[in-house]
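Below is one structure; the comments refer to it alone.
The values are calculated or read from the model by the stated rules, or taken from the named source; none is laboratory data. Keep in mind that what you see is a predicted model, and the values were worked out from it rather than measured. FYI the Cβ positions are ideal-geometry reconstructions off the backbone, even for glycines, and counts take in every protein chain you see.
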Amino acid sequence: MTTPDDPRPGDGRPDDDIDAEFARMMEGLDLEEPEPPSADATSDADGELTELTVEDVLGTAEGVEDPDAPRPIAVVATSVASAKALAGALRLASDTRSETAETPEGTHILDTDSGAIALGALDETSAHELAAQISGALQRLGIVLFWRRGDRMTATRYRQGERGEDVSPTILLGGVAPAVEQLLLGSVDAEELGEGIDPRGVTRMQALRWIATGRRKR
């Protein structure tokens, strides 16, 4: 029988010495069992697991373009006689707009058999901004915005800068030049129709001259 003050049989060391030795042996060791990586974990450049955040997931879904996804295309069909007249009107109208309503980058204006068109590889929001700007510049003339991405195609009327009704594209395509339908279906590239006019690069003097020339031809 031993007492609390007696040495343990076979080692000759008191309990305090054994506890201290055990503490020294275990110093720096982590005995907690690591948690398995979650399904939302990924590896960084050093191979260490990092946890995905909500921003990471949303950024992948919304901020990264899928290279295999079809490019959107917007075509604004007008009855304006020439691309120069339409570009001039849009340029002059920009003087009355705020800086935040700048013509979307990538917009070009071309001539077709049924009137000048504005087109660009624009997302849906930018396409409607462009249509509102053009219809506001033309005042009394109505225009139609055609927009397509993948299997989805829409057609929307605009007048005096205000969005009107959505109409079946097949109904309205019959009233515009065949080039518009070919652009929307992808059977013709914009480059095949010519370089076009970038309205962002038109000066005020050019706009005034083009509009004046168009009026004299009438």
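Among the residues of region 107-121, those that are surrounded by fewer than 23 Cβ atoms within 10 Å (Cβ to Cβ) and among the aliphatic types (A, V, I, L, M) comprise Leu110, Ala121.
If you go through region 169-218 and keep only what is closer than 15 Å to Ala77 by Cβ and charged (D, E, K, R), you end up with just Glu181. Can we say Thr170 is hydroxyl-bearing (Ser, Thr, Tyr), surrounded by fewer than 11 Cβ atoms within 10 Å (Cβ to Cβ) and touching a residue at least 60 places away in the same chain (Cβ under 8 Å)? So Thr170 does not fit the description; no. For region 117-141, the candidate set comprises residues that are touching a residue at least 24 places away in the same chain (Cβ under 8 Å) and not in a helix (DSSP H, G or I); within that set, the residue that is farthest from Val80 (Cα to Cα) is Asp123. The one condition from (1) within 22 Å of Thr96 (Cα to Cα); (2) assigned to a strand (DSSP E or B) that Arg148 does not meet is (1).
Quick grid of which residues meet (1) at pLDDT 90 or above; (2) in a helix (DSSP H, G or I):
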| residue | (1), (2) |
| --- | --- |
| Asp66 | no, no |
| Ala69 | no, no |
| Val75 | yes, no |
| Ala85 | yes, yes |
| Gly115 | yes, no |
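Scan region 154-167 for residues that are surrounded by fewer than 13 Cβ atoms within 10 Å (Cβ to Cβ) and either out of contact with any Ser or Thr (no Cβ under 7 Å at 6 or more places or on another chain) or closer than 12 Å to Ala77 by Cα (or both) and jot them down.
Our first condition is that a residue be surrounded by fewer than 13 Cβ atoms within 10 Å (Cβ to Cβ); within region 154-167, this holds for 162, 165-166.
Residues satisfying the conditions are Glu162, Glu165.
Please work out if Pro70 is more than 25 Å from the chain's Cα centre (by Cα) and surrounded by fewer than 15 Cβ atoms within 10 Å (Cβ to Cβ). Spelling it out, it is not the case that Pro70 is more than 25 Å from the chain's Cα centre (by Cα) and surrounded by fewer than 15 Cβ atoms within 10 Å (Cβ to Cβ).
Arg140 satisfies every condition listed in (1) at pLDDT 90 or above; (2) in contact with a strand residue (DSSP E or B) (Cβ under 9 Å, 6 or more places away or on another chain); (3) not hydroxyl-bearing (Ser, Thr, Tyr) except (1).
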